1. What is the distance in Å between the Cα centroid of the stretch 1-71 and that of the stretch 102-133?
2. Angle check, please: helix 27-45 long axis (alpha carbons) against the longest principal axis of the chain (alpha carbons), in degrees 0 to 90, nearest 10.
3. Build a GNM of the chain with springs between Cα atoms under 10 Å: which of 22, 79, 100 gets the top mean-square fluctuation?
4. Hey, can you rank 12-18, 80-86 by average C-beta count inside 10 Å, highest first?
5. Where does the chain land at 222 nm, in deg cm²/dmol rounded to the nearest 500, when only DSSP H runs of n ≥ 4 count, each adding -39500 (n - 2.57), divided by all residues?
6. Order of 56-63, 67-74, 117-124 by packing, highest average Cβ count within 10 Å first?
7. Round to the nearest 0.05 the FRET efficiency obtained for residue 61 and residue 131 when R0 = 30 Å and r is the Cβ-Cβ distance.
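A short reminder: the numbers here are calculations on the coordinates, not readings from a lab. What you are looking at is a predicted structure, and each value in this text was computed from that prediction instead of being measured. We place every Cβ from the backbone using ideal geometry, glycine too, and count neighbours over all the protein chains shown.
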């Protein structure tokens, strides 16, 4: 099987903050994983498919408005219609919240893994536009 991966990098906006102190809801990471999964399914099958279920989700570190997150994923196995995937979200730039400098941020020397997940997507046979044989 050809390795199929996807990567999205974006800045978390103040609009994404759900809790006090600019803390972002963990569901934002799952939203990013959904976008990563969609891109991988298009690469794999030529169709967006459907996300069926997560079987594991781990929230490991907080995410704040102003942080830059890199969400990555890969298809780790192919069934007839199912695609098993693994995901990781990493903080690559952190908002510093320095008093008097609301736009201050630091590039992290080592990305911080903020979330990991795995799950399964399905592309019905009649929607698959690429041959995996």
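1. That distance is 6 Å.
2. 30
3. 100
4. 80-86, 12-18
5. Result for the chain: -5000 deg cm²/dmol, rounded to the nearest 500.
6. 67-74, 117-124, 56-63
7. 0.15
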